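Structure first, then comments.
The values are calculated or read from the model by the stated rules, or taken from the named source; none is laboratory data. Predicted model only: the values in this text are computed from it and were never measured. As a convention, Cβ positions derive from the backbone with ideal geometry for all residues, glycine included, and neighbour counts pool all protein chains shown.
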Amino acid sequence: MIRHDILKSLIPVISDQLVVCNIGAPSQELFSLDDQPSNFYMLGTMGLSSSIGFGIALAQDKPVIAIDGDGSILTNMATLSTIANNPHDNFILLIIDNGSYGSTGDQPTYAGAKTSLAAVASACGCENVIEVCAEDTAGAVRSALEAGQMTVIVSKCESGNVKVPVIGMNPITIRERFMAEVAK
Amino acid sequence: MAKNMDRRIIGNFVENGVDFITSVPCKQLAGVIEVLDQTQEIKHVPSNKEDEGMGLCAGAYMGGMRPAIMMQNTALGVVVNTLATLIQFYQIPLPMLISYRGEVGEPVACQVEMALHTKAILNQMHIPTYHFHRPEDADELPGILNHTQMCRKPVAILTDASFWRAAT
């Protein structure tokens with residue numbers, strides 16, 4: 001399974017949840033699969049999906065799922081310590097770890113080699129860290145939502161993208177319709 | 001040891017409705033951060049790096065809070081992309097209380113290097129910039145904080161060594 005397959009399997013679980021989605025291919029794939037006002041698409045700023053998602057979670061009580069990638073987590077790895085030390089049980093960080101920089105031509109990341117992001121998250125102090133295979137990802141996210149516990153899920157999958165268009169939506173529209181969903 | 005100025009600054013943030021602050025520390029901001037940690041009205045979550053902090057602020061804003069960030073001017077070397085592609089692109093109001101190192105009174109020569117670029121970067125990015133050099137300059141803070149919310153932009157408040165030395 002590649003990222004697109006995981007996102008497709010996640011739709012029934014995350015469609016009505018607040019979702020922050022990583023820059024590039026992940027946001028474009030989610031947008032084309034199931035655009036929702038409750039999705040916040042990152043159009044720029046590599047590495048901050050986890051931090052933005054955590055910021056939303058600490059500000060209000062609804063569950064928030066931040067979909068991040070292994071390359072992005074490596075860019076902003078220290079945020080795992082911020083998340084661990086200020087836990088909020090409405091936060092789920094889903095790291096789709098395909099061992100590559102998918103949006104830039106599938107160059108390998110260190111997470112696909114010796115570096116274990118699950119071990120990093122645990123070492124940072126995150127308490128509920130699970131590593132799952134691609135097929136088990138949707139179930140793991142569903143369980144984390146039901147458990148109501150802050151959870152970091154590292155989903156190991158194959159490298160690859162599906163050809164989908166760039167998101168043309170205005171950033172202010174993305175933010176305003178997302179904030180209307182938060183306020184509902 | 002916190003000064004009256006530190007209490008006044010945090011008081012202005014509270015009065016403006018700021019209820020979330022992230023910080024990366026600077027010696028000149030130590031008193032403000034000390035008061036911040038005693039202030040129940042504001043949730044303080046320190047960050048490791050200023051671009052991470054701006055991600056937290058963007059999230060807190062979308063979650064319904066009113067964020068601000070405290071940092072050193074050297075961090076402008078870190079956050080240019082985040083300011084442009086997140087804070088400015090999505091129009092998120094963000095007061096930035098910045099310790100302006102490298103101005104007259106600075107003991108560390110290397111700090112002057114980023115001081116030389118500070119206002120140039122802010123100008124280049126079209127970021128409204130206010131420079132507190134004398135204690136009375138802080139009288140403008142409530143107005144600056146209102147202005148930030150009104151225009152939904154990142155706004156820089158530079159506080160230099162002369163300001164902090166003269167502040168009581």
(message) So, B:GLN72, is that one more than 8 Å from every other protein chain (Cβ to nearest Cβ), touching a strand residue (DSSP E or B) at 6+ places or on another chain (Cβ under 8 Å), polar (S, T, N, Q) and closer than 21 Å to B:LEU141 by Cβ or not?
(response) yes
(request) Hey, can you tell me all the residues within the stretch B:12-32 that are away from chain A (no Cβ under 14 Å), within 18 Å of B:LEU94 (Cβ to Cβ) and not charged (D, E, K, R)? (result) B:ASN12, B:PHE13, B:VAL14, B:ASN16, B:CYS26, B:LEU29, B:VAL32
(request) Quickly run through the stretch A:25-47 and pick out the residues that are in a loop (DSSP other than H, G, I, E, B) and among the acidic types (Asp, Glu). (result) A:ASP35
(message) What are the pairs with Cβ atoms under 7 angstrom where one residue, in the stretch B:116-140, is closer than 20 Å to B:LEU83 by Cβ and the other, located anywhere, is of a type in the set (Phe, Trp, Tyr) and buried (at least 17 other Cβ atoms within 10 Å of the Cβ)? Sequence gap at least six, or different chains.
(response) B:THR118/B:TYR100
(request) Return the residue satisfying two criteria in turn: it lies in the stretch A:47-69 and is more than 8 Å from chain B (Cβ to nearest Cβ) and surrounded by fewer than 24 Cβ atoms within 10 Å (Cβ to Cβ), and of such residues it is nearest to A:ILE2 (Cα to Cα). (result) A:PRO63
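This table checks each residue for (1) touching a Lys or Arg at 6+ places or on another chain (Cβ under 8 Å); (2) at pLDDT below 95.
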{"position": "A:SER49", "(1), (2)": "no, no"}
{"position": "A:ILE52", "(1), (2)": "no, no"}
{"position": "A:ILE56", "(1), (2)": "no, no"}
{"position": "A:ALA59", "(1), (2)": "no, no"}
{"position": "A:ASP68", "(1), (2)": "no, no"}
{"position": "A:LEU80", "(1), (2)": "no, no"}
{"position": "A:ASN86", "(1), (2)": "no, no"}
{"position": "A:ASP97", "(1), (2)": "yes, no"}
{"position": "A:SER103", "(1), (2)": "no, yes"}
(request) Only residues that are of a type in the set (A, V, I, L, M) and either facing chain A (nearest Cβ under 9 Å) or closer than 18 Å to B:ASN123 by Cβ (or both): list them for the stretch B:79-97, please. (result) B:VAL79, B:VAL80, B:LEU83, B:ALA84, B:LEU86, B:ILE87, B:ILE92, B:LEU94, B:MET96
